[in-house]
Amino acid sequence: MARVKRGKAHLKKRKQLLKRAKGYKWGRKSKIKLAKTAVLKAGVYAYRDRRVKKRDFRRLWQIRINAACRLEGISYSRFINLLKKSKVEIDRKVLADLAMNNPEIFKAIVAEVKK
């Protein structure tokens, strides 16, 4: 059986690795051993932070809604409770956007819910 040489595959793998490490600082962009760990770690952070991003945005929306609610003389928790009771199905993302960009519409929603 003929001997299999894996030079092409090896070079391709290293080239791809260094391509993913492009823009990293110091030796992590050019040295295989350092680039391998840096790329692996970056992948771990990216995976984790795709989930953290969702949490962060939800917190931001809650803060924005709370600020708008306080101007209308109602607390965030009371407002959300009244929304659920009156069966108004608007998510926090939309509510936060309305509170920032269309305060008159948000006022109307608060007035509707308070009834």
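Leaving out same-chain residues fewer than 8 places away, which aspartates and glutamates sit with a Cα under 13 Å from that of Lys84?
Reachable aspartates and glutamates: Glu112.
Can you flag which of Lys15/Lys53; Lys5/Lys36; Lys5/Lys31; Lys15/Lys41; Lys19/Lys41; Lys8/Lys29 are past 26 Å Cα-Cα? Spell out each step's value before the answer.
Details: Lys15/Lys53 31 Å; Lys5/Lys36 23 Å; Lys5/Lys31 23 Å; Lys15/Lys41 18 Å; Lys19/Lys41 15 Å; Lys8/Lys29 21 Å.
Exceeds cut-off: Lys15/Lys53.
With everything on Cα atoms, drop me the angle between helix 7-20 and the longest principal axis of the chain, reported from 0 to 90° to the nearest 10.
30 degrees
Per residue, what volume in Å³ does the Cα convex hull of the chain take up? Each step should come with its number before you reach the end.
Values: hull volume 20.8 nm³, N = 115.
Output value, Cα hull per residue: 181 Å³.
For a quick check: sort Val113, Val4 by the number of other beta carbons within 10 angstrom, fewest at the front.
Starting with the residue having the fewest Cβ neighbours, the order is Val4, Val113.
Got a sec to turn the phi values of segment 39-54 into Karplus ³J(HN,Hα) couplings, 6.51 cos²θ - 1.76 cosθ + 1.60 with θ = phi - 60°, whole Hz, x for Gly and Pro?
5, 4, 5, 4, x, 5, 5, 4, 4, 5, 6, 5, 7, 5, 4, 5
Please build a GNM for the chain, connecting alpha carbons under 10 Å apart, and tell me which residue among Leu98, Leu34, Leu60 fluctuates the most.
Maximum fluctuation in the GNM of the chain, among the listed residues, is at Leu34.
As I understand it, the dipole of the chain uses +1 on the Cβ of Lys and Arg and -1 on the Cβ of Asp and Glu, about the Cα centre. Which of Ala96, Ser86, Tyr47 lies farthest toward its positive end?
So the residue we want is Tyr47.
Step through the residues of segment 75-80 one at a time and calculate ³J(HN,Hα) from phi using the Karplus curve (6.51 cos²θ - 1.76 cosθ + 1.60, θ = phi - 60°), rounding each to whole Hz and writing x for Gly and Pro.
Values per residue, Gly and Pro as x: 7, 4, 5, 5, 4, 5 Hz.
To the nearest 0.05, what FRET efficiency results for Lys15 and Phe57 with a Förster distance of 41 Å applied to their C-beta separation? Could the numbers behind the result be given before it?
Details: r = 36 Å, r/R0 = 0.89.
My answer for the efficiency is 0.65.
Quick note: the coordinates plus some simple rules give every number you see, no bench work behind them. A quick note: this is a predicted structure, and the numbers were derived from the prediction, not measured. Backbone-built Cβ (ideal geometry, glycine too); neighbour counts: all protein chains shown.
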